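Okay, so here's the structure we're looking at.
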Amino acid sequence: MSDQDIARLAGRYFDGKTSRLHRVTLAVADGVAHLAGDVERRAPLASLRVSERARHAARKVTFDDGAWLELDDRAAFERLLAASGHRDSGVVRLQQSWRGVLLALAVTVAVVLGAYVYLLPAAATSVANALPVGVERQLGQGVLEVLDARVLAPSKLPRARQAQLRGQFAALVAPEAGAPGWQLVFRSSRIGPNALALPSGDIVLTDELVNLLQDDQAVMGVLAHELGHLHRRHLTRRLLESSAVAAATWVIFGDVSSMLAALPTVALDMKYSRDAESEADDYAVAMLRHNDIAPEHLAQAFVKLGKGSDGPTSSYLSSHPATAERIARIRAAR
Ligand SMILES: [Zn+2]
């Protein structure tokens with residue numbers, strides 16, 4: 001085979017250990033994939049896992065050590081695969097065909113209807129509660145990486161300060177029976193003061209929020225509120241509600257990529273229902289009270305967030321409106 005016969009495709013390579021992006025080109029010859037550019041690598045085609053075809057996602061090629069390659073030019077990639085004798089699995093071809101799409105749609109409708117009719121009235125809640133924790137973790141995996149690439153940066157808080165806040169929160173959670181697993185993740189952000197809980201149990205806390213509140217017990221209140229969301233699996237529920245088709249694809253075909261594609265958007269543009277917010281507030285207030293911390297600290301957190309609402313605080317505020325009603329409710333909680 002001459003060099004001109006070998007098509008080179010531009011792609012993005014990730015080593016699976018850091019979020020660093022490497023620009024590479026991919027060529028395939030004699031059953032071996034060659035990467036060149038920032039990273040030089042060869043691997044037999046048979047050792048690679050090629051992601052299923054999805055209409056709007058980049059194709060992903062995973063190496064046996066967990067590194068992966070993303071390719072945007074799907075058409076060229078498919079020609080390359082065809083030329084090298086690769087065949088998509090039956091499931092993939094089914095997903096691609098219109099009949100398959102209709103079948104998937106019918107099954108989706110049946111699953112969703114079935115969920116609404118036969119499970120407990122709050123269908124998404126039931127589905128979320130029925131999910132094994134391991135599956136939720138799978139759902140949350142990679143989300144932080146995507147957020148890191150788009151809106152988050154490493155925290156500038158000193159390690160000792162991070163450890164201090166982590167220790168305070170661990171002490172706060174300790175007396176709670178049945179509290180969900182959590183890990184506190186410190187970041188700075190382009191989205192201002194923020195805190196959000198991912199289905200993996202990661203609670204992301206931004207430096208900007210710590211600096212705005214200037215009160216560790218208020219920070220504890222916000223973290224307890226986020227733990228309340230985790231406890232009630234609000235994000236998983238919201239995700240199931242907002243992308244039922246992606247959820248069904250995931251359940252039926254085991255293809256998690258469409259869910260993963262939706263999750264960062266949902267996580268950042270989170271608009272929990274008022275009920276969900278109240279549940280999380282109640283959870284936080286109860287936790288603060290168990291620890292002899294006045295719920296006023298949480299009320300003050302919302303007051304401070306509300307005052308900064310012209311600035312970059314709006315992203316947390318849009319998901320957590322600091323209404324007078326909410327603040328009054330926290331203050332009145334017994
Ligand atoms: Zn909330």
Sort the following peptides by mean Cβ neighbour count (other Cβ atoms within 10 Å, averaged over residues), highest first: 157-163, 215-221.
215-221, 157-163
Run the quick spin-label model on LYS156 and ALA76: label points 7 Å from Cα toward the beta carbon, then report their separation in nm to one decimal.
4.0 nm
Simple label model, 7 Å out from Cα along Cβ direction - ARG42 to SER278, nm:
6.6 nm
Can you compute the modelled spin-label distance between ARG166 and ARG331, with each label point 7 Å from Cα toward Cβ, in nm?
3.7 nm
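Bear in mind that the values in this text are calculations on the coordinates, not laboratory data. All values derive from a computational prediction rather than experimental measurement. Cβ atoms come from the backbone with ideal geometry, glycine included; neighbour counts cover every protein chain shown.
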